[in-house]
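Novice: Dropping the structure in here first, questions after.
Just so you know, all these numbers are worked out from the coordinates, no wet-lab data involved. This one's a predicted model, so the numbers in the text were calculated from it and none came from an experiment. For neighbour counting, all protein chains shown are included, and Cβ atoms are generated from backbone atoms with ideal geometry for every residue, glycine included.
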Amino acid sequence: MEPDIDNINPNREEIFQQSKLIVIKVGSSLIVEDKLGAIKKEWFASFIEDVVDLRKQGKTVIIVSSGAINLGRKILNLKESVLTLEQEQAAASVGQIELSKEYQEHFKFKGLICSQILITLDDFTNRIRYLNCKSTLKTLIKFGVIPIVNENDTVATDEIRYGDNDRLAAQVASICEADLLILLSDIDGLYTASPKKSRNAVHIPTINEITDEIELMADGPENNFSQGGMKTKIEAAKVTTSVGCNLIIADGQKSNPINNIDKSKATWFLASQSVKAARKKWILNMKSLGEIIIDFRAEKALKSGNSLLPVGAIKCMGHFSRGDVVTIKGEDGQIIAKGLASFNQTETVKILGLKSDDITSVLGYNRKPELIHRDNMAFFN
Ligand code: GLU
């Protein structure tokens, strides 16, 4: 069977223009000099310029940056070719502060604020930490900050480690509902075979569906060039395209890597649906763990695009935590929508029918008033 490869380049400009939230993953080899272990100053400054350009176009940018371990190993003078986990953790600790300092100085000079977020795999598997991470990222974005994310290599042990920032970046893109993830490294995309081993290897510019064949190209027994990172990039593409986010694997070695993307060789993985449509489908397919019955006024408000507030909720059933999917029903028992609960079931019961101003005094803490935010709701047609 022929792989689902479209050799006509997608309208790259259009995809870029339509992408409002872009996550950029920068590989270590782009930032850190191989032999000297120092930051590649010129390249780094050109990358920052590109990010500033994106911001001027009104786009939100999140950077997932590697480089901590390589920077730290040089500073600590660790010459072994393979480091132990403990050495890597120490190197990451030393290198991360250096890496963050570089980002901070450059962005400050351009009048922008950046922040540091260190994440472990565990943070995404624990529901509460996942939601907190999401909410922090969203808040930073609202403040106009550029979050700089890396794996928290200092505390991550092998069992709970991504080990690569490709999959971490895909999780970040998915959590923030990004439109586009750009994986910048020294690889210009996917080939039908290893270009190092086969003269017949053909570069694939566009992939519309990640079939088994595509996966084999990155992981095939006789094409083992995937060790260089293609396998994790395909894994990342599987995550992002399933949530409606396009992904580009591009060679970022030259200066101004983002501004040059539409001119350079790259592989584009195209999502078949928008972020919104994918999210709606996901919410509707999730098992509902509870029900909230709402009055006619709230039903009307919801249908005109508003969030569900406690004041319009009459009854609540089931056992659900914050972030679980619940069904919203009308007074007449008709199913209206499904949505992600902002409060757990015990909290929801306490604030049923209350005006938003009274919630804090009843719960004893201050939280956003929506029972279900409109962005977290999907209606049955
Ligand atoms: N988190 C690692 C670092 O900062 C990099 C992982 C990767 O290269 O994907 O050094």
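Novice: Under unit Cβ charges (Lys, Arg +1; Asp, Glu -1), what dipole magnitude, rounded to 20 debye, does the chain have relative to its Cα centre? Intermediate results must be reported in sequence, preceding the final value.
Specialist: Values: 48 positive and 49 negative charges, 239 e Å.
Result for the chain is approximately 1140 debye, rounded to the nearest 20.
Novice: Right, next: Under 13 Å from a point 7 Å along the Cα-to-Cβ line of ILE113: which residues of the stretch 127-157 have their amide N that close?
Specialist: Output list for this probe position: 139-147.
Novice: What percent do you get for the relative contact order of the chain when only Cα pairs under 8 Å and 6+ apart count?
Specialist: Details: 744 pairs, mean separation 56.7, N = 381.
Contact order relative to length: 15 percent.
Novice: Any chance you could give the angle, 0 to 90 degrees and rounded to 10, that helix 275-285 forms with the longest Cα principal axis of the chain?
Specialist: Value to nearest ten degrees: 50.
Novice: May I ask you to compute the full-extension gain from LYS196 to LEU289, defined as 0.36 nm times their residue separation minus their alpha-carbon distance, rounded to one decimal in nm? Walk me through the numbers on the way to the answer.
Specialist: On the way: separation 93, 0.36 × 93 = 33.48 nm, distance 5.17 nm.
Using 0.36 nm per residue and subtracting the Cα-Cα distance, I get 28.3 nm.
Novice: While we're looking at this one, here's another question. Once you place label points 7 Å from the Cα toward the Cβ at LYS281 and ASN260, how far apart are they in nm?
Specialist: Inter-label distance under the simple model: 3.6 nm.
Novice: Near LYS138, which lysines are there with a Cα under 17 Å away, not counting those fewer than 8 places off in the same chain?
Specialist: Answer for LYS138, where 17 Å is the Cα cut-off: LYS20, LYS59, LYS276, LYS368, listed by chain and number.
Novice: Return the distance in nm (one decimal) between the two label points of a simple spin-label model at LYS41 and ASN132, each offset 7 Å from Cα along Cα→Cβ.
Specialist: About 4.0 nm separates the two model spin labels.
Novice: Shifting gears a bit: Based on the Kirkwood radius over alpha-carbon pairs, what is the Stokes-Einstein translational diffusion coefficient of the chain at 37 °C with 0.692 mPa s viscosity, in µm²/s? Provide the component values of the computation, followed by the final result.
Specialist: Working: Rh = 22.6 Å.
Calculated translational D: 145 µm²/s.
Novice: With the calculation restricted to Cα positions, what are the radius of gyration and Dmax of the stretch 125-276 in angstrom?
Specialist: 16.3, 50
Novice: Amide H to amide H under 5 Å from ILE24: which residues, 5+ apart in sequence or cross-chain, H placed 1.01 Å off N in plane?
Specialist: ILE62, ILE63, VAL64, ILE182
Novice: Right, next: For GLU151, which sequence-distant residues (separation of 5 or more, or a different chain) have an amide H within less than 5 Å of its own amide H, given hydrogens modelled in the peptide plane?
Specialist: ILE119
Novice: Suppose R0 equals 35 Å. What FRET efficiency, 1/(1 + (r/R0)^6) with r the Cβ-Cβ distance, do GLU331 and LYS238 give to the nearest 0.05?
Specialist: E(calc), rounded to 0.05, equals 0.25.
Novice: How much length is gained on full extension from PHE380 to SER81, taking 0.36 nm per residue of separation minus their Cα-Cα distance? Walk me through the numbers on the way to the answer.
Specialist: Details: separation 299, 0.36 × 299 = 107.64 nm, distance 5.64 nm.
My answer for the length gained is 102.0 nm.
Novice: Quick one: which of LYS281/LYS329; LYS101/LYS238; LYS238/LYS265; LYS79/LYS108; LYS35/LYS238; LYS41/LYS74 span more than 28 angstrom between C-alpha atoms? Before the final figure, lay out each step's value.
Specialist: Numbers: LYS281/LYS329 18 Å; LYS101/LYS238 33 Å; LYS238/LYS265 21 Å; LYS79/LYS108 33 Å; LYS35/LYS238 34 Å; LYS41/LYS74 16 Å.
In this structure, LYS101/LYS238; LYS79/LYS108; LYS35/LYS238 lie more than 28 Å apart at Cα.
Novice: While we're on this one: Among rounded, prolate and oblate, which fits the stretch 121-197 when a ≥ b ≥ c are the square roots of the eigenvalues of its C-alpha gyration tensor, a/c under 1.5 means rounded, and a/b larger than b/c means prolate? Show your work: numbers first, answer last.
Specialist: Working: a/c = 2.47, a/b = 1.50, b/c = 1.64.
Oblate, since a/c reaches 1.5 and b/c is not below a/b.
Novice: Can you compute the modelled spin-label distance between ASP212 and ASP358, with each label point 7 Å from Cα toward Cβ, in nm?
Specialist: Once both label points are built, they end up 6.0 nm from each other.
Novice: Here's another thing I want to ask about it. Taking the Cα centre of the stretch 248-340 as origin, work out the dipole magnitude from +1 charges on Lys and Arg Cβ and -1 charges on Asp and Glu Cβ, in debye rounded to 20.
Specialist: Details: 15 positive and 8 negative charges, 56 e Å.
Value, rounded to 20: 280 debye.
Novice: Any aspartates and glutamates with Cα under 20 Å of the LYS300 Cα? List them, leaving off those in the same chain fewer than 8 positions away.
Specialist: List returned: GLU291, GLU331, ASP332, GLU370, ASP375.
Novice: Rounded, prolate or oblate: pick one for the stretch 278-362, where a ≥ b ≥ c are the square roots of the eigenvalues of its C-alpha gyration tensor, a/c under 1.5 means rounded, and failing that, prolate if a/b is larger than b/c, else oblate. Could the numbers behind the result be given before it?
Specialist: On the way: a/c = 1.62, a/b = 1.22, b/c = 1.32.
Oblate.
Novice: To continue, here is another question. Give me the percent of DSSP beta bridges within the chain that run antiparallel, rounded to the nearest 5. Each step should come with its number before you reach the end.
Specialist: Numbers: 22 of 52 bridges.
Close to 40 percent.
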